[in-house]
Structure formats: C-alpha cells, structure tokens
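Encoded as structure tokens, the structure appears first; notes follow it.
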Amino acid sequence: MKETKGEVVEVRNVPARSRVDIMASILDEVRLSADGLRKTRLMYRCNLSFRQLKVYLRLLVDKRFLKPVDADVNSQKVLVYRITDEGRFFLRSYGDMKKSLNEELLPR
C-alpha cells in the first residue's frame with residue numbers, strides 16, 4: 001500500500017505480459033474487426049508503443065498469422081491488417097492453453 005496526502009492507495013503488482021500474450025492480444029483485436037485494423041488503432045487498443053507494435057506486426061506477418069491488405073477508406077488507399085486462418089488457429093490454441101492452466105482469458 002502507498003500513502004498519498006493522507007489517502008491510502010493500494011498498488012497492485014500487475015504481471016508483465018509475455019510475448020505470446022501480446023501476440024494474442026493483437027490477433028484478437030484484428031479478429032474483432034471485420035475490415036481489418038490500421039497500425040495506430042492496434043497500437044492504442046493493445047497498449048503498445050509504435051516500436052513494439054512494428055516488431056510484433058513483422059513477427060505475426062512472417063508467421064502468416066496476419067496479412068497486410070490495401071483497403072479503401074474514405075477514398076484513400078490504406079494498409080490494414082487482417083487475421084488469417086493460421087492466426088485464428090493460434091488464438092484457439094492460446095485460449096485452450098489458458099483454459100487448461102485455469103488462467104483468465106484476454107481481458108476486455
């Protein structure tokens with residue numbers, strides 16, 4: 001516990017996310033979007049820095065879990081990311097693993 005100007009504030013130790021947790025978080029956000037997501041939206045939804053996001057996107061694309069696609073948004077071509085069948089399989093496996101370990105699934 002931490003005391004601030006007469007108030008007692010509880011400080012919780014939040015465990016750091018593993019690389020696999022971050023990958024699953026990115027894939028889950030993309031899965032929830034029918035049209036795919038742009039980098040900035042992913043960065044904010046997954047609480048990552050732009051540098052971190054670039055590393056994970058490169059990894060997920062290299063593993064063929066995500067697919068970069070040119071899309072038309074407001075008459076402009078933009079790059080969005082969409083989940084692949086391999087990415088969906090990864091998410092199912094991740095969920096099964098978390099369930100078997102009795103851990104909470106991705107927080108919402």
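Bear in mind that the values in this text are calculations on the coordinates, not laboratory data. Every value quoted in this text rests on a predicted model; they were computed, and no experiment measured them. Glycine gets a Cβ as well: all are built from the backbone with ideal geometry, and neighbour counts include every protein chain shown.
Here is the list for segment 44-108: GluC sites (Glu not before Pro) lying in DSSP coil, each with at most 16 other C-beta atoms within 10 angstrom of its C-beta, are GLU103, GLU104. Sites listed here are trypsin sites (Lys or Arg not before Pro) in segment 41-80 whose DSSP assignment is loop and whose Cβ has at most 12 other Cβ atoms within 10 Å: ARG64. For the listed peptides 92-98, 27-33, a ranking on the average number of other beta carbons within 10 Å per residue, highest first, reads 27-33, 92-98. Each of LEU32 and ARG64 was given a label point 7 Å from its Cα along the Cα-to-Cβ line. The distance between the two points is 2.8 nm.
log10 I(q)/I(0), Debye, Cα-only segment 16-98, no solvent, q = 0.14 Å⁻¹? With no solvent term, the Cα-only Debye profile gives -0.43.
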